Amino acid sequence: MARPPPLGELSPCYSPPARSAAPQILAGSLKAPLWLRAYFQGLLFSLGCGIQKHCGKVLFLGFLAFGALALGLRVAVIETDLEQLWVEVGSRVSQELHYTKEKLGEEAAYTSQMLIQTARQEGENVLTPEALGLHLQAALTASKVQVSLYGKSWDLNKICYKSGVPLIENGMIERMIEKLFPCVILTPLDCFWEGAKLQGGSAYLPGRPDIQWTNLDPEQLLEELGPFASLEGFRELLDKAQVGQAYVGRPCLDPDDVHCPPSAPNYHSRQAPSVAQELSGGCHGFSHKFMHWQEELLLGGMARDLQGQLLRAEALQSTFLLMSPRQLYEHFRGDYQTHDIGWSEEQASTVLQAWQRRFVQLAQEALPENSSQQIHAFSSTTLDDILHTFSEVSAARVVGGYLLMLAYACVTMLRWDCAQSQGAVGLAGVLLVALAVASGLGLCALLGITFNAATTQVLPFLALGIGVDDIFLLAHAFTEVPSGTPVQECMGECLRRTGTSVALTSINNMVAFFMAALVPIPALRAFSLQPSSAWTCTGATASALMCSAASLAPALLE
């Protein structure tokens, strides 16, 4: 280790400043900074000489450390949850979300699958029986989705969110309601009888055809069953919920449908209903009191007249609600259908994800290509898949970018004079920077810092661009070493000339990004910490390894 020179003495290799600065030096105003610079250069000279003396050992230990840290990438975790990425821990939003989950409970959670229909011609009105008919076709296709997993078939009726089956004293009626209880589907089709077609399930009573929502009249059913059972409690429940005739009392979108019930208002007139008039004010599910879907949940691009009446709309939207993984697990836990498959919450989540992906695929293929309408399907799994896709490292892009940098380094440092050419040094330097970036990210993975789309897509190139400039600086300084310098001091002289710049730029980069880690957003904090760790490796350690490689080359040639 070099001793600091006295304040009155400067390093022999120190170049005097310009004449204009001489009076200030003589006055002593710049003596302390120059002493610090000389002292730091002395340390770097000693470091360079030590690296050149033990270049093989430094390379071996450096590769060993870098390789061990790079293996940490095997345990890297990519975060795609929006709440975990963009909601500050302990913030008001985080507290509100926690409060909602705590007070409402897990049973209040559900996942939404949306079906959005627009006209292919921009601005065209979709409040027509024809457009609603195409929406029904797409919604029916989506509602019939089935997936087979774990040896079982899973359809919408098994996994959909239901508002809660009421308890009825009459066992027969309770079993019938359990089989018929509808899924929660927010759709403009609920303004018409065709909304019943989206509901699955059926019940059987002796002497009657299968009871489904398309032919179920609760009021008539109660009158028929009244003489045989006491159903006053059930009747009171239906009256409070304002169920009425349910779907059979609503107009048919297609009055020529052979299954259109006689109780429909337009059954006898056979006239198509006014879609805009029926949708004004929104629609209702089977319960008029508790299931009111506002217009904003069903329509987009609405236009009204001066009296506020709905005239036209540019989009239709249906939303299918599914149970959360926890709800689905609890619903089928202990059920005879799942007792032989080791039912777990992870399996429930897999079932929901598979159904949602199939839902999106079939819904988008429901309408023919020459149709005047187009369908856009979206599910919560779709967003997760998009985030996961963009968060994955593109090996082709990264390899391509690093190959271009390798080519650039080789070409710019290549010389016709073989003694002065440094193409191999540039090649080794870029490879060392790549290894240093991998080791820095591996260190982050070992420390538990999660990755996201910003870090996986941007950071490899950002670290390469900022880290590789030190390679060119060191290589150029190595060629500028005076010809009379002893071989064992060449690397020391190189570091004394350029080591200060390399160290200061690396320290500044690290400090800047460590300061950016104060940002409370988790995604931005991770993006700030990971470059800091990467440059800790690329700035100093990679430079030391490159110096070792450059020092080892003459020894190998000898």
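Any read-out appearing in this document is the output of simple, stated calculations on the displayed coordinates, not a laboratory observation. From a predicted model like this one, the values you see are computed outputs, not experimental measurements. When we count neighbours, we look across all protein chains shown, and the Cβ atoms used for this are built from the backbone with ideal geometry, even at glycine.
Each residue of region 407-414 was assigned a 3J(HN,Hα) from its phi angle through the Karplus expression (A = 6.51, B = -1.76, C = 1.60, θ = phi - 60°), giving 5, 5, 5, 5, 5, 6, 9, 7 Hz with x at Gly and Pro. Label positions at Leu404 and Phe461, each projected 7 Å from the Cα along the C-beta direction, are separated by 0.7 nm. When peptides 440-451, 191-202 are sorted by average Cβ neighbour count within 10 Å, with the highest value leading, the order is 191-202, 440-451.
Between Arg304 and Leu311, the built amide H atoms are under 5 Å apart, and every one of these is 5 or more places off in sequence or on another chain. Scoring 88-97, 175-184 by mean Cβ neighbours within 10 Å over their residues and listing the highest first yields 175-184, 88-97.
Given axes a ≥ b ≥ c from the Cα gyration tensor, I'd like to know whether region 281-440 is rounded (a/c under 1.5), prolate (a/b larger than b/c) or oblate.
Details: a/c = 4.03, a/b = 1.94, b/c = 2.08.
Here region 281-440 falls in the oblate category.
How much length, in nm to one decimal, is gained on full extension between Lys152 and Asp385, taken as 0.36 nm per residue of separation minus their Cα-Cα distance?
Details: separation 233, 0.36 × 233 = 83.88 nm, distance 2.43 nm.
Stretched fully, the Lys152-Asp385 segment lengthens by 81.4 nm.
Could you give the length gained on full extension between Lys31 and Val258, defined as 0.36 nm per residue of separation minus the Cα-Cα distance, in nm? Working shown, then result.
Values: separation 227, 0.36 × 227 = 81.72 nm, distance 10.11 nm.
Result: 71.6 nm gained on full extension.
Net length available on complete extension from Glu236 to Gln361 is 40.7 nm, with 0.36 nm assigned per residue and the Cα-Cα distance removed. In this rough spin-label picture, where each label sits 7 Å from Cα along the Cβ direction, the His376-Glu124 distance is 1.6 nm.
Computed from the Cβ-Cβ distance with R0 of 51 Å, the FRET efficiency linking Asn508 to Ala354 stands at 0.55. Inter-label distance, Arg270 to His331: 4.2 nm, where each label sits 7 Å from its Cα along the C-beta direction. Cross-link pairs exceeding 20 Å between alpha carbons, from the set Lys162/Lys197; Lys179/Lys289; Lys158/Lys240: Lys179/Lys289; Lys158/Lys240. Across region 353-361, coupling constants 3J(HN,Hα) worked out from phi with the 6.51/-1.76/1.60 Karplus curve, θ = phi - 60°, read 5, 5, 5, 5, 5, 5, 4, 5, 5 Hz, and Gly and Pro carry x. Sequence-ordered 3J(HN,Hα) estimates for region 376-384 from the Karplus curve with 6.51, -1.76 and 1.60 and θ = phi - 60° stand at 10, 9, 9, 9, 5, 5, 4, 5, 4 Hz, glycine and proline given as x.
Computing FRET efficiency as 1/(1 + (r/R0)^6) for Lys144 and Leu321, where r is the C-beta to C-beta distance and R0 is 22 Å, gives about 0.85. By the rule of a C-alpha distance below 13 Å, with chain neighbours fewer than 8 residues away ignored, the aspartates and glutamates paired with Lys31 are Glu9.
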